[in-house]
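The values are calculated or read from the model by the stated rules, or taken from the named source; none is laboratory data. Just so it is clear, the structure is predicted and the values come from calculations on it, not from any experiment. Using ideal geometry, Cβ is built from the backbone for each residue, glycine included, and neighbour counts are taken over all protein chains shown.
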Amino acid sequence: MIRHLIELQPDMVVVNEVSDPLEIFRIIAISGADVVIVTPLGGNGVPHICSHLLAAYPLLIIVTHSAKGEAAYLYQVGVPKKRINEPSAQSIVDAVREAVQLIKRSHI
């Protein structure tokens with residue numbers, strides 16, 4: 001659902017999907033992606049991949065989405081973790097768009 005909705009957005013592009021978390025680093029380096037969506041995700045707490053990605057790419061926006069779809073969070077450097085309420089595909093797209101706008105405004 002999320003991929004489909006992103007593909008419908010005129011200002012967003014799905015660059016790639018990977019099953020190996022370590023492949024994410026290579027794809028970001030090649031594509032210059034601004035946003036990574038990590039799904040499905042089990043367990044609690046901040047996934048280790050998030051802290052590693054943000055250390056390597058401090059302007060990156062990361063969205064984590066649970067396997068059952070009941071929880072989604074947005075991670076950015078210097079910004080507290082943000083829970084995306086009622087994590088539908090549309091609310092995730094809206095949260096990403098808002099985060100991108102905040103980054104653009106802070107770098108003007």
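Odds and ends about this structure:
- Qualifying positions in segment 72-85 - over 16 Å from LYS104 (Cα atoms) and out of contact with any Lys or Arg (no Cβ under 7 Å at 6 or more places or on another chain): ALA72, PRO80, LYS81, LYS82, ARG83, ILE84, ASN85
- Hits in segment 54-88 - residues which are part of a helix (DSSP H, G or I) and either out of contact with any helix residue (DSSP H, G or I) (no Cβ under 7 Å at 6 or more places or on another chain) or modelled with pLDDT under 85 (or both): LEU54, ALA55
- A search for C-beta distances below 7 Å between a residue of segment 77-88 that is within 16 Å of LEU59 (Cβ to Cβ) and any residue that is assigned to a loop (DSSP other than H, G, I, E, B) and modelled with pLDDT of 90 or more, counting only pairs 6+ apart in sequence or on different chains, returns VAL77/PRO58.
- Filter result (modelled with pLDDT of 85 or more and in a loop (DSSP other than H, G, I, E, B)) within segment 21-51: GLY32, ALA33, ASP34
- Note on segment 55-97: residues that are surrounded by fewer than 13 Cβ atoms within 10 Å (Cβ to Cβ), over 16 Å from VAL36 (Cβ atoms) and of a type outside the set (A, V, I, L, M, F, W, C) total 9.
- Residue match in segment 14-27 (condition: more than 18 Å from LEU102 (Cβ to Cβ), surrounded by 12 or more Cβ atoms within 10 Å (Cβ to Cβ), hydrophobic (A, V, I, L, M, F, W, C) and touching a Phe, Trp or Tyr at 6+ places or on another chain (Cβ under 9 Å)): yes
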